[in-house]
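What follows is a set of notes on a single structure, which appears directly below.
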Amino acid sequence: MAGLRSTVRGVRWRLGLVAATATTLVAGVGLVAATGAQAAAGCRVAYTIASQWPGGFSATIGVTNLGDPVRGWSLVWTYPAGQRVTQAWNATVTSSGSQVTATDVGYNAAIGTNATVSFGLNGSWTGANTAPTSFTLNGVACTGNVGGTTPPATTRPPTTPPPTTRPPTPPPATDPMAAVAAMQPGWNLGNSFDAVGADETAWGNPRVTEALLDNIRAQGFNSIRIPVTWSNHHGAAPDHQIDVAWLNRVREVVNWALADGFYVMINLHHDSWQWINTMPTDRAGVLNRYTALWTQLATAFRDAPARLTFESVNEPQFSNSSGDAQNAALLHELNTRFHQVVRQSGGNNATRLLVLPTLHTSADQARVDELVATFTALNDRNLVATVHFYGYWPFSVNVAGGTRFDATVQQDLTDQFDRVYNAFVARNIPVIIGEYGLLGFDRHTGTIQQGEKLKFFEFLGHYARQRRLTTMLWDNGQHFGRTSFQWSDPELFAQIRSSWTTRSGTASSDQVYVPRTGTISSRSLTLNLNGTTFQGLRQGATELANGRDYTVSGNQLTLTAAALTRLVGSRAYGVNATLHARFSQGVPWRITILTYDPPVLANTTGTTSAFAIPTQFRGDQLATMEAKYADGSYAGPHNWTAFKEFDVTFAPDYGANSITLKPEFFAEVNDGAQVTLTFHFWSGTTVTYHVTRSGTGVTGTTG
């Protein structure tokens, strides 16, 4: 897999600011004696309310240093009307009562004389949204007058936090750990130049544009991984000459990204499984081809800035080897040859950061130990280790009952991050998680339930920060629109973005199901505070009343029967109300109130290639499906578990009122044997159904 990232160019962004509806409040110049080496000797703050809606607002804050250069900054202000910050980007923001403190996030720690650093935030307000009147930078007041008016309210909050100014181009870092830290966060330009075919559009994505990179950069990404597959774009042995047009096109996009201020990574991508994997049986041929490609690439990019990095190969793997020992030896040889070729090419390549993967980019201890041995042998401080992370497999694809972000999923993450931290980071060797996400996203992001995946990404961002790992989001087009420049799931990206700098509160679920008939009783959720404090519960701009509408006892949030009765109204099937639990930091946690009855399935017939069970979902949603034969053994693929893989063997279609059983399921079902299916719904309801395959025909009956 692979990925990318981008920003907004200066002229284009400035024009956007002119057109934006915003209020700017300027705290003016004050020349104040420095109180220490890192104190500000004078500063100006521009506080801009970019948008406002009932109960919420977005603001950008620009800090201009008018004194000596500052390395490391902390900006403090007090909200006069009790506003609260709910989310921030390009700064770490904490609150104590009405006082707010924003600190740098590493890459923007330095503010030169007359230079400006900017960050943004979302906040909540009641009564009035009066702007702060004073700011201090590193303890020194930014003096002057404040003026301006509040902009007219919009009807709703923006779904994606608006970018502030373009993140500054980071200075070259002489320390590899600092350079890799400055790459955080990163984005993958997936399924473009890594596509196996005629060109970058071969797998369905449009041609890459400068505007795409600009917009990705504006989302706060500081590095971009541009995976490139070279298999179809070079000639035969012995020279393996790279196609000039292809190389020039790759160079064009690399240069756009560098001009945008990105750190950039290029590699040999799907070459790993197209021809490099034959190395056990064609060592000389593979090594010659690999050497020829990297020799040409090293020459082509020899004079590129230090912010360009090379990755030897993506997800290395070998076919028909004798086992782990040979695999380790072959990868060591590839990484060593790559290192030798690049270093000997001279220019900036003499000290360029080189990224070396483990076998399969796995964080298993044996694979990590093998790469440690390579690093020890090469003895080069400008090397970076890389692994990929797609989560605990049953959860990542929704199989074997892995529907929730539970202790097992969390432990798998901490174990993998701990292993690379202990092996590399603790020894001052930087680590990049070159790809991360969930494997089910390759089909669609709905494979994993929304709240559960939000908890996964919240914790991933937090623990990566704890372990000082730079992360690069895999995006093959399923996240950020390549031409629309919009996130397909703004809520998901808001959680990811928030996790770069702070923790967010979550809960045991993001859904509360209320039966359509009968007495409505109170419902409780367990809050995962994650170091935050619970601040309140809202429905739109309306603050729910503690004691009347809900109660909080420890980490238990209970919605009262009276509140639920009011919220569900006439109790129509499906979503009746949406609440947001607010915490002292991070993004709010959305809670959906739904009315349901147990789903009803109907008898039907079909074929192994087209079988859909008529289903009245009645407000409920499908979580997973079990499949067993009469003797209790497991039916269908993955016959080591009763719980089948979501969207591979079965899938709900809420619009068509059906549940489809796919050909992949029937391909591994015994002919003539009745299979009992148990459908598990998120309300907790289970429904039994029977299917029997006879040749290509299938009969389905209710339980």
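So which of 368, 384, 313, 397 ends up being within 22 Å of residue 472 (Cβ to Cβ), touching a Gly at 6+ places or on another chain (Cβ under 6 Å) and modelled with pLDDT of 95 or more? The unique qualifying residue is 397.
The criterion of being out of contact with any Asp or Glu (no Cβ under 9 Å at 6 or more places or on another chain) and within 18 Å of residue 508 (Cα to Cα) holds for residue 532. Selection of region 208-261 for residues being basic (Lys, Arg) and surrounded by fewer than 23 Cβ atoms within 10 Å (Cβ to Cβ) yields 249, 251. Exactly one residue among 150, 160, 201 is at pLDDT 90 or above, open to solvent by 20 Å² or more (accessible area, probe 1.4 Å) and among the β-branched types (Val, Ile, Thr), and that residue is 201. Out of curiosity, is residue 539 over 25 Å from residue 180 (Cα atoms), modelled with pLDDT of 95 or more, touching a strand residue (DSSP E or B) at 6+ places or on another chain (Cβ under 8 Å) and not hydroxyl-bearing (Ser, Thr, Tyr)? Yes; evaluated as a whole, the condition is true for this residue.
Residues in region 590-638 that are surrounded by fewer than 18 Cβ atoms within 10 Å (Cβ to Cβ) and aliphatic (A, V, I, L, M): 600, 602, 610, 612, 630. With the requirement that a residue be open to solvent by less than 30 Å² (accessible area, probe 1.4 Å) and under 23 Å from residue 281 (Cβ atoms), what does region 342-360 give you? Result: 357, 358, 359. Picking from residues in region 284-309 that are of a type in the set (Lys, Arg) and in contact with a helix residue (DSSP H, G or I) (Cβ under 7 Å, 6 or more places away or on another chain), the one that is farthest from residue 238 (Cα to Cα) is 307.
Residues in region 551-584 that are of a type in the set (A, V, I, L, M), open to solvent by 60 Å² or more (accessible area, probe 1.4 Å) and under 25 Å from residue 622 (Cα atoms): 575 only. Could you tell me which of the residues 678, 686 is in contact with a His (Cβ under 6 Å, 6 or more places away or on another chain), within 18 Å of residue 398 (Cβ to Cβ) and surrounded by fewer than 17 Cβ atoms within 10 Å (Cβ to Cβ)? Selected residue: 686, the only one of 678, 686 that is in contact with a His (Cβ under 6 Å, 6 or more places away or on another chain), within 18 Å of residue 398 (Cβ to Cβ) and surrounded by fewer than 17 Cβ atoms within 10 Å (Cβ to Cβ). May I ask you to verify whether residue 497 is touching a residue at least 40 places away in the same chain (Cβ under 8 Å), in contact with a His (Cβ under 7 Å, 6 or more places away or on another chain) and either under 19 Å from residue 582 (Cα atoms) or crowded, with 21+ Cβ neighbours inside 10 Å (or both)? No; evaluated as a whole, the condition is false for this residue. Is it true that residue 587 is farther than 26 Å from residue 644 by Cα, open to solvent by 40 Å² or more (accessible area, probe 1.4 Å), at pLDDT 95 or above and β-branched (Val, Ile, Thr)? No; evaluated as a whole, the condition is false for this residue.
Checking each residue in region 612-639 for being part of a loop (DSSP other than H, G, I, E, B) and either closer than 21 Å to residue 684 by Cα or touching a residue at least 24 places away in the same chain (Cβ under 8 Å) (or both) picks out 617, 618, 619, 620, 621, 630, 635, 636, 637, 638, 639.
So that you can scan it fast, the table gives a plain yes or no per residue for (1) part of a helix (DSSP H, G or I); (2) more than 22 Å from the chain's Cα centre (by Cα); (3) at negative phi:
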position: 208; (1), (2), (3): no, no, yes
position: 215; (1), (2), (3): yes, no, yes
position: 230; (1), (2), (3): no, yes, yes
position: 266; (1), (2), (3): no, no, yes
position: 277; (1), (2), (3): yes, yes, yes
position: 293; (1), (2), (3): yes, yes, yes
position: 314; (1), (2), (3): no, no, yes
position: 321; (1), (2), (3): no, yes, yes
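Restricting attention to region 353-397, the residues that are basic (Lys, Arg) and free of Cβ contacts under 8 Å to residues at least 60 places away in the same chain total 1. Which pairs have Cβ atoms under 7 Å, sit 6 or more apart or on different chains, and link a residue in region 683-698 that is of a type in the set (Lys, Arg) to one that is surrounded by fewer than 21 Cβ atoms within 10 Å (Cβ to Cβ) and not in a strand (DSSP E or B)? As it stands, the answer is 693/608; 693/671, since those pairs meet every condition given. Residue 417 - would you say it is under 24 Å from residue 328 (Cα atoms), modelled with pLDDT of 95 or more and open to solvent by less than 30 Å² (accessible area, probe 1.4 Å)? For residue 417, the condition - under 24 Å from residue 328 (Cα atoms), modelled with pLDDT of 95 or more and open to solvent by less than 30 Å² (accessible area, probe 1.4 Å) - is met. Scanning region 660-675 for residues that are of a type in the set (A, V, I, L, M) and surrounded by fewer than 19 Cβ atoms within 10 Å (Cβ to Cβ) yields 667, 673.
When region 353-410 is filtered for residues that are within 22 Å of residue 651 (Cα to Cα) and part of a helix (DSSP H, G or I), the ones remaining, listed by number, are 393, 394, 395, 396, 397. Selection within region 640-659: residues that are buried (at least 22 other Cβ atoms within 10 Å of the Cβ) and free of Cβ contacts under 8 Å to residues at least 40 places away in the same chain. The member of this set that is farthest from residue 451 (Cα to Cα) is 649.
Report whether or not residue 548 is open to solvent by 20 Å² or more (accessible area, probe 1.4 Å), in a loop (DSSP other than H, G, I, E, B) and within 19 Å of residue 591 (Cα to Cα).
Yes: the conditions hold for residue 548.
The single residue among 256, 246 that is in a helix (DSSP H, G or I) and out of contact with any helix residue (DSSP H, G or I) (no Cβ under 8 Å at 6 or more places or on another chain) turns out to be 246.
The values are calculated or read from the model by the stated rules, or taken from the named source; none is laboratory data. Source: prediction; values computed, not measured. Every residue, glycine among them, receives a Cβ derived from its backbone with ideal geometry; neighbour counts consider all protein chains shown. All accessible areas refer to the heavy atoms of the entire protein, side chains included, with ligands and DNA or RNA removed. Shrake-Rupley method; radii C 1.70, N 1.55, O 1.52, S 1.80 Å.
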